[in-house]
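The values are calculated or read from the model by the stated rules, or taken from the named source; none is laboratory data. The model shown is predicted, which means the values in this text are computed figures rather than measured ones. Methodologically, a virtual Cβ is constructed for each residue, glycine included, from the backbone with ideal geometry; neighbour enumeration extends over all protein chains shown.
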Amino acid sequence: MAIYLGGEVKQAASLPKLDDLTPRQIVAELDKYVVGQANAKRAVAIALRNRIRRQKLPTEIAQDVLPKNILMIGSTGVGKTEIARRLARLANSPFIKIEASKFTEVGYVGRDVESMIRELTEVAVDMTKQAAFEEVLENAKNNVEDKILNILLPSSDSFQTESFETDNSLNLNQKSQPNRTREKLREQLRRGELNDRLIEIETQDRSNATIDFVGGQGMEEMGVNFRDMFGNLFPSKTVRRKIKISEAQSYLLREEQENLVDIEQINRSAIEKLESTGIIFLDEIDKIAGRESAGGSPDVSREGVQRDLLPIVEGTTVNTRYGMVNTEHILFIAAGAFHVSKPSDLIPELQGRFPIRVELESLTLEDFKRILIQPKNSLIKQYQALLKTEEINLEFTDDAISTLAEMTVNINKTTEDIGARRLHTLLEKLLEEISFLGNEIENK
């Protein structure tokens, strides 16, 4: 499961400059979103700061400074994923979360471990492309505006040239008239007054060039490469469509942005970015921990996946549709509950590749209270914002917050302990009626 974070260009611009953040300040940033778990925050803060330090080293030394991968141990709902997610957002790094239990050993039907590097590459390319598009946005908007004006008011240069040869003063008057009309249309276009007008534009139609591949392990990635190679056998067909100006602006804007950027340079930059700053959150690693079966032999499939993971974590080169990717400096954060198995059940070579181990604490009653109200994106703030869109003012008393926290603790004790995720269930049930009625409520 790929989670795209870094493409939020405008939000990234408002974040503190990464070079200026000390580990203490990184922890303070994480505190805004995650309650407790000081040891885990401290570990990831040091890992991030060491990346910044490495970038300032001479190349010959930097190549040998490898990231210290982290193993988080804790039950579900205590903040493992959120810490990694927020760290990646803070660093504006390519990031994916993926479940180790989804992988199968090479030779078996299923996902191979290299697919996570291909997914991370896709995320990195999207991030880099969005940043490049943002840089050329103003130029692209101006070009789109001119294109639409040319359609609305076709040029009459040939007529003007002929007029100039016969009567220079007449030509000046004729030239100024279309210019005034053009500028008037430009103002109307910017005010949105022409949004519903239909215009005819050329679009690319490659609907007949679809190639589908059905296969086993790795074929979903191979299929993409085959499409890239064979797509040229089916040249794109240009079709003319009549659409509203508002729709044409969106279509032409993307087209102009793609024309103004260097896609090859974007791909190269994306690979460089993920190789030096990429983060992979490997969840449920406890579910591939090798254990002895009833017959006394280790589970071959689980151990096989671990051995397939080993070169990726150690550092290897993976072929992607954008080029070769070296995984040596990608930061891996593995996590698992380890209720049945234990970290020592992992093969020794893989254990050695996760030198930093952090045990996350179970959430207390006070933690649940803080989770409800303290983070910038707390659950209560989210529901208040949602209902505010329909002019419903939602307020929680201190007693209500305490009761919700107590219910969460009790239910987690008597049933499956799912940590803070229990709060989502309780709040959704509590606010079900209000959410259903919405703006039908008279007394808001």
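Note down all Cβ pairs under 7 Å where the first residue falls in region 416-440 and is in the same structural domain as A400 (by TED's automatic domain parsing) and basic (K, R), the second is buried (at least 17 other Cβ atoms within 10 Å of the Cβ) and part of a helix (DSSP H, G or I), and they're at least six residues apart or on different chains. Within 7 Å, the pairs are R422/T408; R422/N412.
Taking the conditions (1) loosely packed, with under 12 Cβ neighbours inside 10 Å; (2) among the β-branched types (V, I, T); (3) touching an Asp or Glu at 6+ places or on another chain (Cβ under 9 Å) in turn, T389 satisfies each one other than (3). Just to be sure before I move on: is A385 outside any strand (DSSP E or B) and either hydrophobic (A, V, I, L, M, F, W, C) or touching a strand residue (DSSP E or B) at 6+ places or on another chain (Cβ under 6 Å) (or both) in the structure I sent? Judged against the criteria, A385 is a match. Is it the case that region 392-401 has a residue that's surrounded by fewer than 14 Cβ atoms within 10 Å (Cβ to Cβ) and more than 19 Å from E366 (Cβ to Cβ)? Scanning region 392-401, I find at least one residue that is surrounded by fewer than 14 Cβ atoms within 10 Å (Cβ to Cβ) and more than 19 Å from E366 (Cβ to Cβ), so the answer is yes.
Residue pairs whose Cβ atoms lie under 9 Å apart, sitting 6 or more positions apart in sequence or on different chains, and linking a residue in region 376-398 that is farther than 21 Å from Y33 by Cα to a partner that is surrounded by 11 or more Cβ atoms within 10 Å (Cβ to Cβ) and of a type in the set (V, I, T), are L387/I434; E390/I441; I392/I434; I392/I441; L394/I380; L394/I434. Going by the structure shown, is F354 in contact with a Leu (Cβ under 9 Å, 6 or more places away or on another chain), closer than 30 Å to V305 by Cα and touching a residue at least 12 places away in the same chain (Cβ under 8 Å)? So F354 passes the test. When R118, R24, R49 are screened for being farther than 17 Å from I312 by Cα, touching a residue at least 24 places away in the same chain (Cβ under 8 Å) and not small (G, A, S), only R49 passes. Per the conditions (1) at pLDDT 50 or above; (2) part of a helix (DSSP H, G or I), the sole criterion not satisfied by T238 is (2). Does T364 fit the bill of being closer than 30 Å to R268 by Cβ and among the hydroxyl-bearing types (S, T, Y)? Spelling it out, it is not the case that T364 is closer than 30 Å to R268 by Cβ and among the hydroxyl-bearing types (S, T, Y). Just one of the listed residues (F354, F368) is touching a Phe, Trp or Tyr at 6+ places or on another chain (Cβ under 9 Å), within 27 Å of I73 (Cβ to Cβ) and of a type in the set (F, W, Y), and it is F354.
For the subset of region 408-444 comprising residues that are in a helix (DSSP H, G or I) and β-branched (V, I, T), which member is surrounded by the fewest Cβ atoms within 10 Å (Cβ to Cβ)? Residue satisfying both the conditions and the ranking: T414.
Out of (1) exposed (fewer than 14 other Cβ atoms within 10 Å of the Cβ); (2) at pLDDT 80 or above; (3) in a helix (DSSP H, G or I), what's the single condition that is false for N179? Unmet for N179, out of (1) exposed (fewer than 14 other Cβ atoms within 10 Å of the Cβ); (2) at pLDDT 80 or above; (3) in a helix (DSSP H, G or I): (2). Set side by side, the residues E138, E134, E119 differ, and just one is among the acidic types (D, E), modelled with pLDDT of 90 or more and over 30 Å from M324 (Cβ atoms), which is E138. Tell me, please, whether a residue that is crowded, with 16+ Cβ neighbours inside 10 Å, assigned to a helix (DSSP H, G or I), among the aromatic types (F, W, Y) and in contact with a Ser or Thr (Cβ under 9 Å, 6 or more places away or on another chain) can be found in region 318-327. No - not one qualifying residue is present in region 318-327.
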